[in-house]
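Presented below is the structure to which this report refers.
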Amino acid sequence: MRVIIVGAGEVGSSIAASLAHDHEVVVVDVDSERVDALTYSLDVLAIEGDGTSLSTLQEAGVGDADMIIASTDDDETNLVACGTAKTVDDPFTIARVKNVDYLDTWHHAADRGAFGVDFMVCTNLLTAEDIVRVVSLPAARDVDSFAGGAVQMAEFTVSEGSPVADQTVAEADRFDSLTFAAIIRDDDVAIPSGDTCIRTGEKVVVIGSPESVQGFAREVAPGETPTGSEDLVIIGGSEIGYHTAKLLEERGLRPRLIERDHDRARELAEELPNTVVMENDATDAEFLAREHVDDADAVVAALESDEKNLLVSVLAKQLGVRRTVAVIESSEYVSVFETVGVDVGVNPREVTAEEITRFTRELHTENVALIENDRAEVLEIEVDADSVLVGRPIQEAVADLPEGFVLGAITRDGEFVVPRGETVVETGDHVVVFVDIEVLDAVTAKL
């Protein structure tokens with residue numbers, strides 16, 4: 001497949017890196033330094049030019065392109081790039097936007113090809129959805145659902161003092177419908193066995209029924225167990241903060257939101273009927289203490305500045321907040337946030353790149369989640385008669401697959417099936433599997 005990516009920033013470069021090994025990728029950007037960097041770092045064709053220009057797109061081979069991905073930081077540029085591409089041929093177009101109004105318009109007229117866009121990704125809404133998934137499962141770093149919600153994947157960090165620290169996988173595995181898919185140690189992705197020891201600081205990836213994943217969350221961090229009446233505080237009435245509060249309201253929760261600007265606070269109070277909006281400077285430690293922010297189950301820092309998000313996260317930790325989630329716009333700041341003890345950092349550009357990459361992979365699979373910057377993937381696949389898994393016990397079938405593969409869950413006619421060694425996969429089953437990126441091609445060819 002020939003793919004043209006307009007925009008070589010963090011989002012475009014990440015997508016290009018994910019697609020380059022399987023597809024013919026062309027990247028267009030106005031910045032000559034970015035073009036040079038991509039030319040030397042990835043096996044892609046990088047072109048300097050304006051992605052909204054017809055001549056530039058023709059130079060990139062738009063007439064032969066199967067897909068156009070417009071991923072610059074400017075909404076209008078992305079929409080125009082997609083519309084321009086449609087004037088030449090009919091490639092599948094994907095546009096990244098921040099403004100939810102564009103997404104609403106696109107949804108309203110998607111069947112009429114609004115903006116010339118076939119698939120639209122909204123960064124602000126995606127980021128809010130990612131935050132809500134994480135805070136809904138305390139102690140988790142990443143959460144994704146598969147098979148219509150019947151299967152859940154979650155990644156946990158084992159903190160000091162966690163009950164599962166220094167236990168073997170066999171000792172920690174007390175749930176019938178849970179599979180320990182991987183343990184991530186520094187830069188290594190390890191497939192665990194029953195006698196693998198879980199150490200403090202390691203990340204554990206599990207796949208199973210939502211009930212079992214919730215149960216394991218209680219084992220990892222019993223003091224952070226969700227109760228259904230969580231006290232959640234959002235600091236910052238940015239678009240991400242607003243959408244996070246709105247999504248939490250839709251789940252029946254009543255979050256608190258702190259916004260400094262008077263007009264914005266008033267607007268938010270009118271649009272969020274089940275959110276307590278407080279007008280104040282969230283960097284005021286006395287105010288935070290007075291409002292008992294330290295009693296919150298989680299604090300989400302969603303200000304429009306990484307530096308301010310870092311500051312309020314540190315203040316929240318000093319007050320005794322159990323869990324902090326921070327929006328981090330610049331990827332180079334992630335390590336700084338982790339160093340000062342922020343529990344989860346959410347990078348909007350990374351979330352967007354993952355969603356677009358996920359969609360391109362879904363052309364061949366039912367659903368995809370990327371693990372640790374694409375070190376591994378969790379795939380949902382509907383198996384057919386040609387799959388190596390069909391008609392054989394799992395323990396026999398996996399012997400024909402390379403190391404780095406774990407079958408985490410099976411659903412049959414929408415019902416969860418616990419995968420055991422003697423379980424036989426049937427045609428039409430949906431399997432959720434964990435695959436190390438190094439063996440992804442070899443595995444998917446057989447599934």
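The values are calculated or read from the model by the stated rules, or taken from the named source; none is laboratory data. Since the structure is predicted, the reported quantities are computational estimates derived from the model, not experimental observations. Please note: Cβ atoms are built from the backbone with ideal geometry, for glycine as well, and neighbour counts cover all protein chains shown.
Can you find a residue that is farther than 25 Å from I5 by Cβ and either in contact with a Phe, Trp or Tyr (Cβ under 9 Å, 6 or more places away or on another chain) or not assigned by TED's automatic domain parsing to the domain that holds I207 (or both) anywhere in segment 110-121? For segment 110-121, residues farther than 25 Å from I5 by Cβ and either in contact with a Phe, Trp or Tyr (Cβ under 9 Å, 6 or more places away or on another chain) or not assigned by TED's automatic domain parsing to the domain that holds I207 (or both): present. Note on segment 286-375: enclosed helices (runs of 4 or more DSSP H) holding 1 or more residues that are within 15 Å of the chain's Cα centre (by Cα) and crowded, with 18+ Cβ neighbours inside 10 Å are 348-361. In this structure, R141 does not qualify as basic (K, R) and either on the phi > 0 side of the Ramachandran plot or free of Cβ contacts under 8 Å to residues at least 60 places away in the same chain (or both).
You will find that of A70, A85, A65, the residue that is under 15 Å from V6 (Cβ atoms), buried (at least 18 other Cβ atoms within 10 Å of the Cβ) and within 23 Å of the chain's Cα centre (by Cα) is A70 and no other. If you go through segment 96-139 and keep only what is of a type in the set (V, I, T) and surrounded by fewer than 20 Cβ atoms within 10 Å (Cβ to Cβ), you end up with V100, T105.
Of everything in segment 16-56 that is in contact with a helix residue (DSSP H, G or I) (Cβ under 6 Å, 6 or more places away or on another chain) and part of a helix (DSSP H, G or I), the residue that is nearest to T87 (Cα to Cα) is L54. Checking each residue in segment 408-447 for being hydroxyl-bearing (S, T, Y) and in contact (Cβ under 8 Å) with a residue 60 or more places away in the chain picks out T411, T444.
Inclusion of T93 among residues that are crowded, with 20+ Cβ neighbours inside 10 Å, at pLDDT 90 or above, part of a strand (DSSP E or B) and among the polar types (S, T, N, Q) is warranted. Going by what's in this entry, would F175 be described as surrounded by 17 or more Cβ atoms within 10 Å (Cβ to Cβ) and in contact (Cβ under 8 Å) with a residue 60 or more places away in the chain? For F175, the condition - surrounded by 17 or more Cβ atoms within 10 Å (Cβ to Cβ) and in contact (Cβ under 8 Å) with a residue 60 or more places away in the chain - is not met. The listed residues are A172, A221, and the only one of them that is among the aliphatic types (A, V, I, L, M) and modelled with pLDDT under 90 turns out to be A221.
Could you tell me which residue of segment 194-224 is farthest from the chain's Cα centre (by Cα), considering only residues that are more than 21 Å from V321 (Cβ to Cβ) and acidic (D, E)? For segment 194-224, the residue satisfying everything is D195.
Within segment 256-275, residues that are among the hydrophobic types (A, V, I, L, M, F, W, C) sit with their Cβ atoms under 7 Å from residues that are surrounded by 18 or more Cβ atoms within 10 Å (Cβ to Cβ) and at pLDDT below 95, at 6+ positions apart or across chains, in these pairs: I258/A282.
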